[in-house]
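Remarks on the structure that follows.
Please treat every number below as a calculation from the coordinates, not as lab data. Computed from a prediction, not measured in an experiment: that's the story for all the values here. No Cβ is skipped: glycine too gets one built from the backbone with ideal geometry, and neighbour counts run over all protein chains shown.
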Amino acid sequence: MSSTLYIVSTPIGNYDDITLRALNVLKEVDFIICEEFKEGNRLLRYYGLDKPLEALNEHNEARDAEVTVDRIRSGADAALISDAGTPVFADPGAKLVHAALKKGVKVVPVPGASSILSALVVCDFDIGSFHYAGFLPRKKDERVQALNRLSSLGCVCVIMEAPYRFKPLIEDCLAAFGHNRRAVVAVDMTTPKEKVIRGTLGEINKNFAVAPFKAEFVMVIDGPKKN
């Protein structure tokens, strides 16, 4: 009985991007904790895996994390996956990891695909240091305040957002950072529809007006120009 919780990264779009280690872990664990059954089942079917699934997401994590950890602690091995990419980071799982560590369960990362890192490495900015802002507040006034704080940091900023909120986000970014601040919007990374939009925030806003998209994206905003 090893009682281990594996944090397993899965592809963000291209199923070839899973690691051999991730596949081996998914084959060997007693059960898999997924964000949604639909996506979890789709992933397992693609790789020909048959494992019990348990859903843990924003709706039930606070309630069920302790029960899941007790099951692992009793002698089971489990893998936590998200719908895509690296779990916990911008996805559910933090409460599960906290409960596991609190109860002495071993937590092991199995690294792999990340939309955030994929976007950063193609942006051509100085990414020696950057600020991950994650998902911003939905209310406009709170989002504007958050962006104003980000604009004062003086470093590269990474922002996540839902596809249908791209337009209000870019408009608020223009107000906070100015039209001339360089940025990159990485859309549907690793998929056949992958697109990397580069330019100033003003140029990207015009690009969106001509060719709007409704897809998963990561926005990377460059730091201010140094004199």
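Put a dot 7 Å past the Cα of Val88, heading toward its Cβ, do the same for Thr191, and the two dots end up 2.7 nm apart. Sorted on the mean count of surrounding Cβ atoms within 10 Å across their residues, most packed first, peptides 101-107, 207-213 read 101-107, 207-213.
Full extension of the chain segment joining Lys103 with Arg21 gains 26.9 nm, where the gain is 0.36 nm per residue of separation less the Cα-Cα distance. In plain terms, the chain from Asn180 to Arg42 could stretch by 45.5 nm, reckoned as 0.36 nm per residue minus the Cα-Cα distance. Per-residue packing, averaged as other Cβ atoms within 10 Å, sorts the ranges 143-151, 188-196 into the order 143-151, 188-196, beginning with the highest. Counting every other Cβ atom within 10 Å of each residue's Cβ, Phe177, Phe31 order from fewest to most as Phe31, Phe177. Between Tyr164 and Ala55, full extension at 0.36 nm per residue minus the direct alpha carbon distance yields a gain of 36.7 nm. Since only His59, Val121, Ile32 are under comparison, the one whose Cα sits farthest along the positive direction of the charge dipole of segment 1-137, derived from C-beta charges on Lys, Arg, Asp and Glu, is Ile32. Within the shell defined by Cβ-Cβ distances under 14 Å, the residues around Pro137 carry a net charge of +2, with Lys and Arg each +1 and Asp and Glu each -1.
Each principal axis of the Cα cloud of the chain was taken in turn, and the coordinate range along them, longest first, works out to 59, 36, 31 Å. Pairs spanning more than 30 Å between alpha-carbon atoms, out of Lys95/Lys140; Lys167/Lys193; Lys140/Lys214; Lys51/Lys139; Lys140/Lys195: Lys51/Lys139. Based on Cα contacts under 8 Å between residues 6+ apart, segment 1-84 shows a relative contact order of 52 percent. When you count the other C-beta atoms within 10 angstrom of each residue and take the mean per peptide, 121-129, 2-10 line up highest first as 2-10, 121-129. Hey, what did segment 86-227 get for relative contact order, percent, Cα under 8 Å, at least 6 apart? Reported as a whole number, the value is 25 percent. What the Cα atoms of segment 71-189 give is an Rg and a Dmax of 17.5, 57 Å. The charge dipole of segment 5-144, taken about the Cα centre with unit charges on the Cβ atoms of Lys, Arg (+1) and Asp, Glu (-1), comes to about 300 debye, rounded to the nearest 20.
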